[in-house]
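Notes to accompany the following structure.
The values are calculated or read from the model by the stated rules, or taken from the named source; none is laboratory data. As the structure is a computational prediction, the values presented were derived from the model and not from experiment. Counting neighbours? That spans all protein chains shown, and the Cβs are built from the backbone with ideal geometry, glycine included. In case anyone asks, the SASA skips ligands and DNA or RNA and just uses the protein heavy atoms, side chains included. Shrake-Rupley method; radii C 1.70, N 1.55, O 1.52, S 1.80 Å.
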Amino acid sequence: MSKQMSHLDDIPSTPGKFKMEKSPFVHNRLRWHSSLAKLTFWSFIFLGLILIFFFRSPSSNPLPQDPSRRSLRTYNWGGPAWEKRVRSSARVRSHNGISVLVTGAAGFVGTHVSAALKRRGDGVLGLDNFNDYYDPSLKRARQALLERSGVFIVEGDINDSALLRKLFEVVAFTHVMHLAAQAGVRYAMENPGSYVHSNIAGLVSLLEVCKSANPQPAIVWASSSSVYGLNTKVPFSEKDRTDQPASLYAATKKAGEEIAHTYNHIYGLSLTGLRFFTVYGPWGRPDMAYFFFTRDILKGKSIPIFEAANHGTVARDFTYIDDIVKGCLAALDTAEKSTGSGGKKKGPAQLRVYNLGNTSPVPVSDLVSILERLLKVNAKRDIMKLPRNGDVQFTHANISLAQREFGYKPSTDLQTGLKKFVRWYLSYYNGGKKAAG
Ligand SMILES: O=C(O)[C@H]1O[C@H](OP(=O)(O)OP(=O)(O)OC[C@H]2O[C@@H](n3ccc(=O)[nH]c3=O)[C@H](O)[C@@H]2O)[C@H](O)[C@@H](O)[C@@H]1O
């Protein structure tokens, strides 16, 4: 920069000096100097604008791994080749098949649901922003898996309305399976903004586009068992109160259920919320306890096992991924059409909420014992008090509503499911030699 400034200083300030020059190169040199001056001038203006923009932006921390800044990432989409891939992925290949936009398709549940839909001949298009809440290479591996079965995942954020509108322009989706979210209960204290961004703003952005789409799709989306919060009545039934969330994560999922009500009420969108209960299995999420317990037991690291006051048991209604996938597909298959068109409601539309759990809670210490047996390694147990960061003491699903209305019937117990998870984990991480991040 100082070099550019010295060039500026070099430019003669009196026109007389210019006249004295007789050299045939004078004209050119003059032009060269003046264009250099212009260039330098505009460079300063440009640089100034960048600095003003940078210092005025809400957060000046440009770390790419900060998910609250996800909206600033740009993705490449569009063009004839891209549209062709979108169309081909979403093409229905079976009689009476449905055409589904799966958000969060590179996520744990999203990958399994997308693969299952594709297997039965439905059209499936994925959408995912590949954020780095956990190791994105696992998401890329899931993407590669889906790609092999013919599912294309568009890279983009659900907050990008222009992208969503484009997708609905290219494909008349009959259904949306909305699984994109900021998950995790405890992380909400570290990065609250990412929950608002994905679970509230993102949901509204998606519903806005769905309500204007013609035809409007039916939407099935992931709520959470955490909406039961401080509810103590067990097992948790859909009729129980859900107005005491224990974490911001739970609060954003509960807000999602209320937002769903609004869009159903005003625009006639068919909406089904599924309250998942601690879903686990192969290709799972590394931020979840069963996953990082496995990693740390293998590494010989101690694992923190929470217990409630007075040595009270902490338990979860762990639900195996294949059972959740069956529930998701059954919910899609029983979803009625939305009733609105042109952004206007034409009649009452379906609004549903279901628990999808396993109905048999298991103490976290028993989960660890099962892992010890499967891994043939003793865990270094570090028993500690349940931290006050959003965790609840236990969850237990009453699933009779989903059972009655679409035949949901979980069939995998924790021992069987963890066996499948451990087998996958060991082969994915190269026999445990390459540790999970
Ligand atoms: O069911 C749900 O709705 C939620 O299930 C999980 O949340 P959570 O049940 O807390 O799952 P984990 O974080 O894997 O924890 C499982 C159990 O292990 C316990 N835990 C967790 C972490 C730890 O270090 N030690 C420990 O004992 C927790 O208290 C909990 O009882 C998911 O992370 C959420 O995204 C999902 O919405």
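Give the residue that is surrounded by the most Cβ atoms within 10 Å (Cβ to Cβ), with candidates limited to residues of region 94-127 that are on the phi < 0 side of the Ramachandran plot and out of contact with any strand residue (DSSP E or B) (no Cβ under 8 Å at 6 or more places or on another chain).
Among residues in region 94-127 that are on the phi < 0 side of the Ramachandran plot and out of contact with any strand residue (DSSP E or B) (no Cβ under 8 Å at 6 or more places or on another chain), the one surrounded by the most Cβ atoms within 10 Å (Cβ to Cβ) is THR111.
Could you tell me whether LEU248 is at pLDDT 95 or above and away from the ligand (no atom under 11 Å from the Cβ)? It is true that LEU248 is at pLDDT 95 or above and away from the ligand (no atom under 11 Å from the Cβ). Looking across region 303-316, the residues that are more than 8 Å from the ligand (Cβ to nearest atom) and either part of a helix (DSSP H, G or I) or open to solvent by less than 20 Å² (accessible area, probe 1.4 Å) (or both) come down to ALA308, ALA309, ASN310, HIS311, GLY312. All conditions but one from (1) open to solvent by less than 30 Å² (accessible area, probe 1.4 Å); (2) closer than 30 Å to LEU230 by Cα; (3) of a type outside the set (Lys, Arg) apply to TYR429; the one that does not is (2). How many residues are over 15 Å from LYS211 (Cα atoms) and in contact with a Leu (Cβ under 7 Å, 6 or more places away or on another chain) if we restrict to region 330-349? Adding up the residues that qualify gives 1.
Residue-level check: of (1) within 15 Å of the ligand (Cβ to nearest atom); (2) outside any strand (DSSP E or B), GLY273 misses just (2). Would you confirm whether any residue within region 143-150 is assigned to a helix (DSSP H, G or I), touching a residue at least 24 places away in the same chain (Cβ under 8 Å), closer than 30 Å to SER341 by Cβ and open to solvent by less than 10 Å² (accessible area, probe 1.4 Å)? Within region 143-150, none of the residues are assigned to a helix (DSSP H, G or I), touching a residue at least 24 places away in the same chain (Cβ under 8 Å), closer than 30 Å to SER341 by Cβ and open to solvent by less than 10 Å² (accessible area, probe 1.4 Å).
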